[in-house]
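Read-outs throughout are calculated quantities, based only on the coordinates presented, and are distinct from any laboratory measurement. Quick caveat: nothing in here was measured; it's all calculated off a predicted structure. Counting neighbours? That spans all protein chains shown, and the Cβs are built from the backbone with ideal geometry, glycine included.
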Amino acid sequence: MTAEPTSARSATGYDAETLATLAGDAAEIMSRYPDPRSGLLPMLHLVQSVDGYVSRDGIMFCAEQLDLTAAEVSAVATFYTQYKRHPNGTYTVGVCTNTLCAVMGGDAVFDELSEHLGVGHDETTEDGAITLERVECNAACDYAPVMMVNWEFFDNQTPQSAVEVADRLRAGEPVAPTRGASSVCTFKQMSRVLAGFPDGRADEGVGAGGPTLEGLRIARENDWKAPAVSQGSDQAAAEPVATEGEPSAGEPGSSAEREPAAPSDVAPGGKPGTPQAGPDPEKGSKHD
């Protein structure tokens, strides 16, 4: 009896149909990059879209597809917070508690949600609907305090409005973000989008809202224009400006004219005694 080729085996626990579908999607991901290994990040999102987190099977699948070790894949999966190493809820509710959002009430929003849902940071409700997170920054400071549901924006939140959103999600009701797509999809669906497979919702809803465009509005009302760029300004901008009393490069006394005083001056970047910098004069050459 002839042994099955090693390449046809898989150490994952996926059934044949799931494995075949994943392999087809993985091949599309790898085709986007000159080096297939560059596809690891979207591929982790891909397996997360199937399992709801980066499972042991997902780790092994990525390793097999990209000729990596499981340890190498795990090192990446544990570095980024968007990859979950345990089952995630249907919706990830992330509350920004970074400086501005915290000052504007982000901590109060998180505390109210935590008490109402009965979970803490990176914990999931018993019904599996919501995983609650503290987020360092949602990149929407002009709408603070901000909450995200599967990375869709919910701006200018209060503890009460955040609880209302959470209750509607748990009840299975449709919920519309403040900006972006017109609805919130599931965590698995969003993971597939992050893997690079569009869901057709990219052009839905409002992109930049009023606070983001306020500066542009004021500039137009006052007919403000950017300064005209004169010929040669790029070259002038590229030339360093010497401070008062400091000689320009090439002039006597400048660092460019200073005599080398250490091995690192001869070979910048090398440490004394290394081949890059040459021997350390205090220790002498190995030939001395």
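Could you tell me the calculated FRET efficiency between residue 164 and residue 224, based on Cβ-Cβ distance and R0 = 35 angstrom, to the nearest 0.05?
Values: r = 41 Å, r/R0 = 1.16.
With R0 = 35 Å, the Cβ-Cβ based efficiency is 0.30.
How would you classify the range 91-185 from its alpha-carbon gyration tensor, with a ≥ b ≥ c the square roots of the eigenvalues: rounded for a/c under 1.5, else prolate if a/b is greater than b/c, otherwise oblate? Present the calculation step by step, with values, prior to reporting the outcome.
Working: a/c = 1.72, a/b = 1.17, b/c = 1.47.
Oblate, because a/c is 1.5 or more while a/b does not exceed b/c.
Give me the percent of Cα-Cα pairs in the range 73-117 that sit more than 17 Å apart, rounded to a whole number. Before the final figure, lay out each step's value.
Details: 509 of 990 pairs.
So the portion of pairs separated by more than 17 Å is 51 percent.
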